């Protein structure tokens, strides 16, 4: 018996936690699981307050009281509206997106900074016309035909109708980090869940590499 509380940003919450929770539940059916989906600042607050024991986020630049164990990395994906001409390509590069209406992360965030750096290095000018703070929010905008979204490749985008999904080649990558508070000890159940999250992440990234 017991309780395991995990806070995660939406991409790992939708991609990694279902697999980790399934494996954990098979072994420990009597332990209550609680999932919080939240931005990274809120995850840090929950870890500090003891409202979550484990966090999963796509950033490893955390305050010194938060332990960030990088358990993998994932690139970017391009979400294309139905019928878009670029769907004929199997993968896209930043240069292919020049002149397109772009939907991507708001300025002064890590993914925006990484994309801007990669674009400069490749001699490409990127200027999103619609900025978002969470990749999941791009779905409706792409389905409505407002542009091409440049977002993390971790979310299971194939679950959403009306999107063409193509990997971004030669682009930057997000770290996937498992977060804990340095000030709080993990329970045995927390440690078992941490192992399942590592395993699930590894399996999902292996599937991405094979795709």
Please work out how much length the chain gains when fully extended from residue 90 to residue 67, using 0.36 nm per residue of separation minus the C-alpha to C-alpha distance, in nm with one decimal.
-> 4.5 nm
Give me the percent of DSSP beta bridges within the range 76-167 that run antiparallel, rounded to the nearest 5.
-> 65 percent
As a check on your grasp of the helix formula, calculate [θ] at 222 nm for the chain: sum -39500 (n - 2.57) over DSSP H runs of n ≥ 4, divide by the residue count, round to the nearest 500.
-> -10000 deg cm²/dmol
Of the beta bridges DSSP finds with both residues in the chain, what % are antiparallel, to the nearest 5?
-> 55 percent
On Cα atoms only, tilt of 188-210 relative to the major axis of the chain in degrees | 20 degrees
Distance between modelled label sites at residue 51 and residue 3, nm, 7 Å Cα→Cβ extension = 1.3 nm
How would you rank 103, 66, going from fewest to most other Cβ atoms within 10 Å of each one's own Cβ?
-> 66, 103
With springs only between Cα atoms under 10 Å apart, run a GNM on the chain and tell me which of 32, 94, 179 wobbles the most.
-> 32
FRET efficiency estimate (nearest 0.05) - Cβ-Cβ, residue 209 to residue 124, R0 25 angstrom = 0.50
Across 5 Å bins from 0, what is the distribution of all Cα-Cα pair distances for the range 34-101, in whole percents?
-> 3, 12, 20, 14, 9, 9, 12, 11, 8, 2
Express the relative contact order of the range 76-167 as a whole percentage, based on alpha carbon pairs under 8 Å and six or more residues apart in sequence.
-> 51 percent
Most fluctuating of 181, 53, 127 in the GNM of the chain (C-alpha, under 10 Å) is 127
Work out how much length residue 82 to residue 159 would gain on full extension: take 0.36 nm times their residue separation and subtract the Cα-Cα distance, in nm to one decimal.
-> 26.3 nm
GNM, the chain, Cα, under 10 Å: largest mean-square fluctuation among 17, 178, 159?
-> 159
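FYI, it's all coordinate maths here, none of it is from the lab. These figures come from a predicted structure and were not determined experimentally. Positions of Cβ are backbone-derived with ideal geometry, glycine not excepted, and every protein chain shown enters the neighbour counts.
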